[in-house]
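S.K.: Please see the structure below; I have some questions.
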Amino acid sequence: MLELYQYELSDIWEQELDVNGEYGYALDRYWAVGECKPFVLKVADRYAGFALVNRESKVDQGAHWMDQFFVLKKYRRHGFGTAAAGEVFSAVPGAWEVGQMMSNYVAQAFWRSVIASYTRGNFSEVKLTGGWWEGVVQCFQVQASTSVGETYPSSK
């Protein structure tokens with residue numbers, strides 16, 4: 001699914017195919033490093049997407065960072081991405097940052113909506129420029145007691 005994700009971003013994410021015709025992505029750390037958390041998203045026991053969370057925050061050192069988030073096209077616009085994002089946030093309480101590339105306006109709109117709903121508007125947004133990573137970042141807190149079931153439909 002990472003190859004599909006990277007292909008979809010190929011018009012705004014500067015990357016090239018390797019000698020095997022793949023974009024490639026270093027996933028080993030998600031199974032080897034405790035602070036990296038991979039999530040496989042499923043609908044009716046079928047693969048529907050993924051989320052990769054780590055601690056490589058861009059604004060507040062140590063916050064959880066949504067490194068990658070992807071939902072297959074056939075599952076988009078049905079509330080699944082919103083529900084899945086809420087479940088991922090709730091699974092990892094604490095400080096959070098979710099960033100989008102400057103030119104990824106669709107992702108910015110999606111995340112602003114999801115995070116505004118999830119936090120009931122209690123988040124801040126920062127625009128980062130001039131560093132190795134540039135983009136828009138939403139920052140917020142997730143309490144351990146947040147209940148996904150009250151706000152989001154089940155993603156199962």
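The values are calculated or read from the model by the stated rules, or taken from the named source; none is laboratory data. Since the model is a prediction, treat every value here as computed from it, not as a measurement. Cβ coordinates were reconstructed from backbone atoms using ideal geometry, including for glycine residues, and neighbour counts include every protein chain displayed.
S.K.: When you check ALA63 against the structure, is it out of contact with any strand residue (DSSP E or B) (no Cβ under 7 Å at 6 or more places or on another chain) and within 21 Å of GLN141 (Cα to Cα), yes or no?
M.R.: In short, no.
S.K.: Determine whether TYR25 is within 19 Å of the chain's Cα centre (by Cα) and modelled with pLDDT under 70. Walk me through it before giving the result.
M.R.: Details: within 19 Å of the chain's Cα centre (by Cα): yes; modelled with pLDDT under 70: yes.
Yes: the conditions hold for TYR25.
S.K.: Could you grab me the full set of residues in segment 43-59 that are surrounded by 14 or more Cβ atoms within 10 Å (Cβ to Cβ) and of a type outside the set (Ser, Thr, Tyr)?
M.R.: Of all residues in segment 43-59, those surrounded by 14 or more Cβ atoms within 10 Å (Cβ to Cβ) come to 43, 48-59.
Result: VAL43, ALA48, GLY49, PHE50, ALA51, LEU52, VAL53, ASN54, ARG55, GLU56, LYS58, VAL59.
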